[in-house]
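Okay, structure first, notes after.
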Amino acid sequence: IENNFIDKKLTGKKVIVTAGGTKENIDPVRYIGNRSSGKMGLAMAEVARDLGADITLITTVETDLTDIEIIKVQTAAEMMKKLQDRFDTIDVLVMAAAVADFKPINVADQKIKKNDNEDIFTIKLTKNPDILKTVASTKTHQFVVGFAAETQNLLANAEKKLASKNADVILANNVSENGAGFNVDTNKITLLQKDHEPDSWPLMSKVDVAKKFWGFYINL
Ligand code: CTP
Ligand code: CA
C-alpha cells in the first residue's frame, strides 16, 4: 500500500544496483552461468525507489519494475563497463550481482561441434575482473555495498572481502543454508561494517532484507 505520508528518505540519492548472475559466452548458443535469480538485487532497487532514490539497475535478469532506469547486460565485462561509466555520479552502489569469477578464454565464432573421437571436452577459463574491487578502489564519496556468498567460515571469509574490496558494508549470506541466498525468496544476512561488530539478521524475505538494509543506511 502506497503511503504518501512516508518520508521519501532517499530523495536526491543516486543509487546503482547490480542484479543477477552474469552469463559468460562459450559460443553463439552457449554460456556459463550460475543459479542466481537476481531477486535480492531487484528487491534492493524496488525498496530504494519507494524511498525516493534515483535508481539505475544494471541487470542480467528481466524485470518489470517501473520508475527505474534499467540497463540489461549479460557478461561481467558489460556490467563493469556500464557501472564504470556512471560510478562518478552516484552516491551508493549495491553490488548484488552474482558475477562469474571466470569466463572462457576464447569465445568460438561458430557453434562448437562435438567430435566422435573425443569423450572429454575442455574449456579453458580465465579470471573475470573483480568489478566491486576495481570500482571501489576508485571511490571518493560513494557508499559501496557488496555481498558475500559463502558455504563455510562465513564471518572470516566475509571480513576478508570487506577489507580487500574496499567496501563500506558487506552483506554476507550462507548460501548452503536452507532458504538463504541463491534462487529463493528469502535470505539470512550478517551485516559487516568496518569497526563494528557483525550484525546477524533473522531469516526473512528478500524485500524485508532490502527494507532493513535501507533503514540501516538511512540511520548511518
Ligand atoms: N564480485 C564482483 N566481481 C567479481 C566477483 C565478485 O564484483 N568478478 C562481487 C559480487 O557482486 C559480490 C562480492 O564481489 O558483491 C563478493 O562476491 P563473492 O562471489 O562472494 O566473492 P569473490 O570475491 O568472488 O570470492 P569467492 O567467490 O572466491 O568467495
Ligand atoms: Ca565469486
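If you take the Cα atoms of segment 160-220, find Rg, then find the Kirkwood Rh from the mean of 1/r over all pairs, what is Rg/Rh?
Numbers: Rg = 11.8 Å, Rh = 12.1 Å.
When Rh is taken as the Kirkwood radius, the ratio is 0.97.
Give the long-range amide H neighbours of ALA148: residues separated by 5 or more places, or on another chain, with amide H under 5 Å away, using H modelled in the peptide plane at 1.01 Å from N.
Excluding prolines and chain starts, which carry no amide H, the hits are LEU171, ALA172, ASN173.
Report, by chain and number, residues whose modeled amide H sits under 5 Å from the one on LYS13, excluding near sequence neighbours (fewer than 5 apart, same chain).
Amide H neighbours of LYS13: ASP54.
Any chance you could tell me what percent of the C-alpha pair distances in segment 1-84 go past 23 Å?
28 percent
Just the C-alpha atoms of the chain: what Rg/Rh do they give, with Rh taken as the Kirkwood radius? Could the numbers behind the result be given before it?
On the way: Rg = 18.3 Å, Rh = 18.3 Å.
Ratio of gyration radius to Kirkwood radius for the chain: 1.00.
Taking a 18 Å limit on the Cα-Cα distance, which of the listed pairs LYS133/LYS206; LYS160/LYS194; LYS161/LYS206 fall beyond it?
Details: LYS133/LYS206 24 Å; LYS160/LYS194 11 Å; LYS161/LYS206 22 Å.
Over 18 Å apart, Cα to Cα: LYS133/LYS206; LYS161/LYS206.
Enumerate the calculated ³J(HN,Hα) couplings along segment 15-30 in order (Karplus 6.51 cos²θ - 1.76 cosθ + 1.60, θ = phi - 60°), each rounded to whole Hz, writing x wherever the residue is Gly or Pro.
Running phi through 6.51 cos²θ - 1.76 cosθ + 1.60 with θ = phi - 60° gives 10, 10, 10, 9, 8, x, x, 6, 10, 10, 5, 9, 8, x, 10, 9 Hz.
In segment 22-115, with Lys and Arg counted as +1 and Asp and Glu as -1 at Cβ, which of these residues, ASN34, VAL92, VAL107, has the Cα nearest the positive end of the dipole, that is, farthest along it?
Comparing the listed Cα positions along the dipole, VAL107 ranks first.
Quick check on my link table: of LYS39/LYS124; LYS39/LYS111; LYS23/LYS81, which ones sit more than 22 Å apart, alpha carbon to alpha carbon? Write out the running numbers ahead of the final one.
On the way: LYS39/LYS124 30 Å; LYS39/LYS111 31 Å; LYS23/LYS81 15 Å.
In this structure, LYS39/LYS124; LYS39/LYS111 exceed 22 Å between Cα atoms.
Where does the charge balance sit around ASN153 when Lys and Arg score +1, Asp and Glu -1, over other residues with C-beta under 13 Å from its C-beta?
Summing Lys and Arg as +1 and Asp and Glu as -1 gives 0.
Largest first and in whole Å, what are the equivalent-ellipsoid semi-axes of segment 69-120 based on the Cα gyration tensor, each being the root of 5 times an eigenvalue?
Working: eigenvalues 251, 27, 16 Å².
Result for segment 69-120: semi-axes of 35, 12, 9 Å.
Collect residues whose amide H, placed 1.01 Å from N in the peptide plane, falls under 5 Å from the amide H of LEU125; neighbours closer than 5 in sequence don't count.
Close amide H contacts, sequence-distant or interchain: ILE105.
Please report, in debye to the nearest 20, how large the charge dipole of the chain is about its Cα centre when each Lys and Arg carries +1 at its beta carbon and each Asp and Glu carries -1 there.
360 debye
Taking the highest mean first, how do the peptides 146-152, 12-18, 111-117, 200-206 order by number of other beta carbon atoms within 10 angstrom per residue?
Ranking the peptides 146-152, 12-18, 111-117, 200-206 by packing returns 12-18, 146-152, 200-206, 111-117.
Could you work out the relative contact order of the chain? I mean the mean sequence separation of Cα pairs under 8 Å and 6+ apart, divided by the number of residues, in percent.
19 percent
Report the normalised scattering of segment 80-172 as log10 I(q)/I(0) at q = 0.12, 0.13, 0.19 Å⁻¹, calculated by the Debye formula with identical scatterers on the alpha carbons.
-0.52, -0.59, -0.91
Determine ³J(HN,Hα), in whole Hz, for all residues of segment 113-126 in sequence, where each value follows from phi through the Karplus function 6.51 cos²θ - 1.76 cosθ + 1.60 and θ = phi - 60°; x replaces Gly and Pro.
8, 7, 10, 4, 8, 10, 8, 10, 10, 10, 10, 8, 10, 10
Each reported figure results from applying straightforward, stated rules to the coordinates on display, with no laboratory input. Nothing here was measured: the structure is a model prediction, and the numbers come from that model. Counting neighbours? That spans all protein chains shown, and the Cβs are built from the backbone with ideal geometry, glycine included.
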